[in-house]
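Notes for the one structure printed next.
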Amino acid sequence: MACWVFLSVVLSSCFLGAASRATLGVVNTEGGRVEGTFKRDGLFASVDIFKGIPFAAPPKRFEKAEPHPGWPDVLKTKKFKPRCFQTTLAQNDVFGSEDCLYLNIWIPQGRTVSTNLPVMIWIFGGGFLAGAGHGANFLNNYLYDGLEIASRGNVIVVTFNYRVGPLGFLSTGDANAPGNYGLWDQHMAISWVKRNIAAFGGDPNKITIFGESAGGASVSLQTLSPYNKGLIKRAISQSGVATCTWAVQRNPMHWAQKLAAKVGCPKDDPAAMMACLKITDPKAVTLAIPLKLVNLEVPLVFYLIWAPVIDGDFIPDEPKKLYHNAAGVDYIAGVNNMDGHLFAGLDVPSINQAGLGKTYPEDLYHLIQGLTMNTRGQGTNITYAQYTKDWPSTPSQKTIKRTVVELETDVLFLVPTQLALDLHYQHAQGAQTFSYVFSYPSRAPIFPNWLGADHAEDLQYVFGKPFATPLGYRPRDRDVSRHIIAYWTNFAHTGDPSRGESKVPTPWIQYTSTYTQYLDINKDIDVNSVKQRLRYDSVSFWNQTYAALEATL
Ligand SMILES: *[C@@H]1O[C@H](CO)[C@@H](O)[C@H](O)[C@H]1NC(C)=O
């Protein structure tokens with residue numbers, strides 16, 4: 001393998017010698033040779049791009065993926081492969097393919113071919129229901145294009161597909177269908193990178209996984225699984241961790257049976273049920289239980305039913321009891337300051353309405369009832385008191401609406417992230433912990449005008465869109481993007497976001513349980529951006545007072 005890579009590098013360098021630009025050409029992988037493309041990046045640099053390399057065989061339905069048998073000729077890897085089977089946005093049709101386990105690689109090159117670069121593997125989000133390694137696109141502009149991160153941070157970027165929805169996560173909670181197929185796919189991609197990335201100029205001992213939302217929770221779960229021991233050096237969870245309630249489905253059999261009934265499969269005998277589901281049209285399986293988005297009976301988060309499970313194998317126990325497995329993994333975790341807005345707007349639509357669209361204290365109370373269902377009503381009143389204790393006697397519309405958004409942000413993202421940071425810090429051995437909040441306000445010209453950073457707003461900056469599509473952005477947006485990419489890729493290089501090849505506006509002080517330092521990321525970052533005690537009162541309420549109440553039930 002090494003000889004072939006050496007040869008191809010020499011040949012390519014000769015052919016392109018006139019342009020002083022190195023490129024890998026054909027690369028030998030464990031499955032066979034692959035040929036990508038390259039894109040110029042300034043006068044003396046370029047980025048090699050491989051799209052659609054198989055990292056596993058086409059998976060069998062409701063089974064773990066198997067290694068790919070390989071291919072005889074040079075595989076042209078120049079186009080993204082279809083995403084894994086999933087519903088369209090309208091949820092009346094499906095798209096993608098069951099044959100979907102492919103990854104994409106971006107490698108920055110200078111005058112000579114790169115070697116030993118850190119590797120950043122992206123895990124996409126989408127509620128474990130939707131999404132793809134390449135992300136949403138407008139024409140040829142893909143959200144998760146790795147080019148900007150690779151060239152600005154001098155790192156290799158990898159993106160990949162994993163199975164989602166029932167095909168990725170349906171489980172009977174026993175050996176008939178243990179579940180977590182999507183997580184196993186992610187693990188297959190990570191281990192493929194570990195075994196093969198040296199041939200692309202990567203350092204297999206410097207792998208950082210990063211992801212957002214369900215991808216952030218996946219990142220967290222991958223670091224907690226014993227199967228990734230020695231594979232992952234560092235990890236970044238954006239707006240999602242393993243300790244989020246929505247990251248784990250605790251009653252998978254209930255939903256497996258519900259789906260079986262919808263598609264006409266037996267539901268009382270799990271073996272017969274799975275035998276039937278395996279031969280049922282995957283389109284029917286995928287469409288069987290649409291995600292409810294209007295007239296919700298309970299908060300939206302409870303409709304995210306296809307999620308990882310505690311299978312006693314890949315996830316051997318409650319996530320909070322698995323942090324010893326992440327002891328050696330450097331970790332960044334954080335949230336957007338209004339991550340909950342997207343969910344709040346579906347649960348309490350009036351928060352997004354100006355004028356007559358009023359939100360009442362009763363709406364907040366009702367939402368709290370839904371979010372505290374696990375205490376069967378016992379936790380509702382103390383939570384309502386907690387969230388209204390600073391209200392004036394007649395709260396303004398802005399106060400009520402903001403409280404709804406803060407509540408959802410706390411419950412779904414912020415509070416579990418603080419717990420994950422603390423657990424990581426407490427168990428770390430020779431690894432560091434870093435916390436952030438992303439507070440750069442949404443650019444969307446919509447009501448409410450006090451909106452901060454909504455869910456997924458960070459993605460465009462992480463992937464350098466203000467540089468890739470400069471006309472759509474302002475200079476200060478480019479500052480935000482430059483700073484995030486610098487922190488993220490420095491972290492991939494050194495384990496410390498402030499140390500590395502890229503200049504950062506201020507040192508990001510590591511998190512400790514005592515001082516709970518975090519970096520507030522927006523357009524103006526300076527020494528004052530390192531703060532402490534992020535929403536500490538709410539965090540203490542949920543992680544101590546409320547958790548103590550749960551423990552008594
Ligand atoms: C919660 O508060 C409501 C309204 O003040 C009251 O009617 C109800 O009895 C309280 N419930 C509990 C369990 O304390």
Straight-line reach check, K81, cutoff 16 Å on alpha carbons, 8 or more apart in-chain or any other chain, hits among aspartates and glutamates -> E35, E98, D99, D145, D185
Taking a temperature of 20 °C and a viscosity of 1.002 mPa s, what whole-number D in µm²/s does Stokes-Einstein yield for the range 261-380 with Rh from Kirkwood over alpha carbon pairs?
115
Most packed first (mean Cβ within 10 Å per residue), the peptides 88-98, 476-486 order as 476-486, 88-98
Run the quick spin-label model on T399 and A261: label points 7 Å from Cα toward the beta carbon, then report their separation in nm to one decimal.
4.5
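Regarding the chain, what whole-number volume in Å³ per residue does the convex hull of its Cα atoms give?
Expressed per residue, the convex hull around the Cα atoms of the chain is 152 Å³.
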At a 10 Å Cβ-Cβ cut-off, how would you order S213, S151, S46, S191, fewest neighbours first?
S191, S46, S151, S213
Would you please name the trypsin sites (Lys or Arg not before Pro) within the range 194-264 that are DSSP coil residues with at most 13 other C-beta atoms within 10 Å of their C-beta?
K229, R250
Toy charge model, Lys and Arg Cβ at +1, Asp and Glu Cβ at -1: the chain dipole around Cα centroid in debye, rounded to 20, equals 1100
What Rg and what Dmax come out for the range 293-441 when only alpha-carbon atoms are used, in angstroms?
17.9, 56
For the range 511-528 and the range 345-375, compute the distance between their C-alpha centroids and round to whole Å.
31
Residues with amide H under 5 Å from that of I123, placed H, sequence gap 5 or more
F210, G211, E212
With θ set to phi - 60° and the Karplus curve 6.51 cos²θ - 1.76 cosθ + 1.60, what are the ³J(HN,Hα) couplings of the range 498-504 in order, to the nearest whole Hz, using x for Gly and Pro?
8, 10, x, 7, 9, 6, 10
Surface/4 estimate of mean projected area, convex hull on alpha-carbon atoms of the range 400-553, nm²
11.0
Could you list log10 I(q)/I(0) for the range 160-200 at q = 0.14, 0.18, 0.25, 0.34 Å⁻¹, which the Debye formula gives when each Cα is one point scatterer?
-0.39, -0.55, -0.78, -1.05
Hey, could you pull the Cα Rg and Dmax for the range 116-269, both in Å?
16.9, 55
Arrange the peptides 429-440, 377-388, 526-537, 113-124 so that the one whose residues have, on average, the most other Cβ atoms within 10 Å appears first.
113-124, 429-440, 377-388, 526-537
Roughly what would the spin-label model give for I446 and H254, points 7 Å off Cα along C-beta, in nm?
3.0
Can you list the HN-Hα couplings for the range 40-46, worked out from phi with the Karplus curve (6.51, -1.76, 1.60; θ = phi - 60°), rounded to whole Hz and with x for Gly and Pro?
5, 9, x, 6, 10, 10, 8
What is the log10 of I(q)/I(0) for the range 437-506, computed with the Debye formula using one identical point scatterer on each Cα and no solvent, at q = 0.11, 0.15, 0.24, 0.25 Å⁻¹?
-0.29, -0.53, -1.08, -1.13
Determine the gain in length on full extension of the stretch A271-D99; use 0.36 nm per residue of separation and subtract their C-alpha separation, reporting nm with one decimal.
59.4 nm
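Just so you know, all these numbers are worked out from the coordinates, no wet-lab data involved. The structure presented is a predicted model; accordingly, all values stated were derived computationally and were not measured. Here Cβ is always computed from backbone atoms with ideal geometry, including for glycine, and neighbour counts include all displayed protein chains.
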